[in-house]
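One structure is given below, encoded as C-alpha cells.
Read-outs throughout are calculated quantities, based only on the coordinates presented, and are distinct from any laboratory measurement. Values in this document were obtained by computation on a predicted structure and should not be read as measured data. Note that each Cβ is placed from the backbone with ideal geometry, even for glycine, and that neighbours are counted across all protein chains shown.
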Amino acid sequence: MLLSVIVPLYNEEEIVEKTFHTLEAELAHIEHELIFVNDGSKDRTREILERLLTQTPKNKLVNFSRNFGHQAAFSAGLQHASGDAVVIIDGDLQDPPTLIHEMLQKWKEGYQVVYAQRHKRAGESIFKKFSAFCFYRLLHSLTNIEIPSDTGDYRLMDRCVVNQINALPERSRFLRGLVCWVGFKKVGILYDRAERSAGTSKYPLRKMMRLAIDGITSFSTTPLKISFMVGLIATIVALGILVWSFLEKFLSPNTTVPGWASLMTTIVFFSGVQLISIGIVGEYIGRIYDEVKQRPLYIEDKK
Ligand code: UDP
Ligand code: MG
C-alpha cells in the first residue's frame, strides 16, 4: 500500500522545512510519497524544497511557472500521485497531520473518501469564520449535491476517486465539490483546526471570493435562473398595478394623473418580459454549460 500526500505551497519559506519534517515523522511507518506543489512561490520555498528532496528521492516536487492557485496545485498533485490512497493537506500545518492515521483507518474499513470536518477554527478572524459559514450555507441552498459543511480540502481519497477526478475535463476545478460529485462511500471526521504554524494566510479576500464564485458557478445554474423568477414576479406585480390603476381611474377619475396608469403598467410589464426572456436564455446557457463540462453521466462503483 502506497500513500501519496499532496502539499501545495505558495511563499511558505518560513514553514516548508517544518512541514516536511513533521510529515516525514508522522508517516515514518507507512510507505508514502510526499508531493510538494510549489505554486509559483517568489521566495525561497523552491530552493528549500529542492534541498530537502535530494535526500529523499521517493518524494516529488512539481514547480509551477507562476502562481496558478491552490486548486490548480491540488489538481497537479493528483495527476502526479501514484498512491493507492491520496491525502491532500495544506502546507501550513493548520490541518493536523496526525489525523492521517485516523483517515487511513477509515479507508481500511472501506470508505473511499474520508474528509476532515472543522469543528473549531483557531486563530482565524471573525470575518473569515463568518464568511465561511455563509458560503457553505449558500452553497447548500444553491446546489443539489451534498457538499459537507465546514470541510476544507484536507481529505483522503481512494485511487478510484482520484482516477475519476483526473478524468474530468472541466477547467474550473472546485475540488471539494468535485470529490462530492463523483460520489463513492464517504465519511467525515471532526477535528479542531489549529492556527497557522508560521507566516500569514495566502488567501486574501480576492482569492476567497474567486473560490466561492467558482464553487457556486461550477455546481449550480441557479444564478442564471434568478432573472426568470424576478421577471415572473414583476409581471404578476404589473398585472396587479394594471387592475388597481383601472379601478382607480373609473371609481375616482378626478384623483389620478392622466397617463400614470398606462405608463406604470407598461414599464413594469415590459421589465418583466425582458427578465423572463433573459431567464429563458439563461436556462439554455445553463444547459450548454453542463454540456461543455463534459462530466460523465454516471460513475460506477468498482465491483
Ligand atoms: N496556497 C497555494 N496557492 C495559493 C494560495 C495558497 O498553493 O495561491 C497554499 C498555501 O501555501 C497553503 C495552502 O494553499 O499551503 C492553504 O493556504 P492558506 O493557509 O493561506 O489558506 P487559509 O488556511 O488561510 O484558508
Ligand atoms: Mg492555512
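For the chain, what does the equivalent ellipsoid look like in terms of its semi-axes, each the square root of 5 times an eigenvalue of the Cα gyration tensor, given largest first in whole Å? Before the final figure, lay out each step's value.
Numbers: eigenvalues 511, 87, 60 Å².
Taking √(5λ) for each eigenvalue gives 51, 21, 17 Å, largest first.
With just the Cα atoms of the range 106-189, tell me how far they stretch along each of the three principal axes, in Å, largest first.
38, 30, 20
Would you work out which of Gly286, Phe270, Leu168 lies farthest towards the positive end of the dipole of the chain? Charges go on Cβ: Lys and Arg +1, Asp and Glu -1.
With unit charges placed on the Cβ atoms, the residue in question is Phe270.
For a quick protection proxy, order the peptides 81-88, 42-49 by their average other-Cβ count within 10 Å, most packed first.
81-88, 42-49
Name the shape class, rounded, prolate or oblate, that the alpha-carbon gyration tensor gives for the range 64-115, where a ≥ b ≥ c are the square roots of its eigenvalues, rounded holds for a/c under 1.5, and otherwise prolate holds if a/b is larger than b/c and oblate otherwise.
Working: a/c = 3.06, a/b = 1.67, b/c = 1.83.
Oblate, since a/c reaches 1.5 and b/c is not below a/b.
What list of whole percents do you get for P(r) of the range 97-144, with Cα-Cα distances grouped in 10 Å bins up to the one holding the largest distance?
P(r) over the range 97-144, rounded to whole percents: 21, 33, 34, 12.
Any idea what % of Cα-Cα pairs in the range 1-116 are farther than 19 Å?
Distances greater than 19 Å cover 42 percent of the Cα pairs.
Looking only at the range 1-45, which residues have a backbone nitrogen under 12 Å from a spot 7 Å from the Cα of Ala167 in the C-beta direction?
It comes to no residues whatsoever.
Taking the Cβ-Cβ separation of Cys160 and Ser277 as r and a Förster radius of 51 Å, what is the calculated FRET efficiency to the nearest 0.05?
The value I calculate is 0.70.
Below 8 Å, C-alpha to C-alpha, sequence gap of six or more: please give me the relative contact order for the range 59-167 in percent.
Working: 86 pairs, mean separation 44.9, N = 109.
It rounds to 41 percent for the range 59-167.
Using 26 Å as the Cα-Cα cut-off, could you pick out the over-long pairs in Lys128/Lys225; Lys120/Lys207; Lys58/Lys207?
Lys128/Lys225; Lys58/Lys207
Can you give me the Cα centroid spacing of the range 288-303 and the range 183-223 in angstrom?
23 Å
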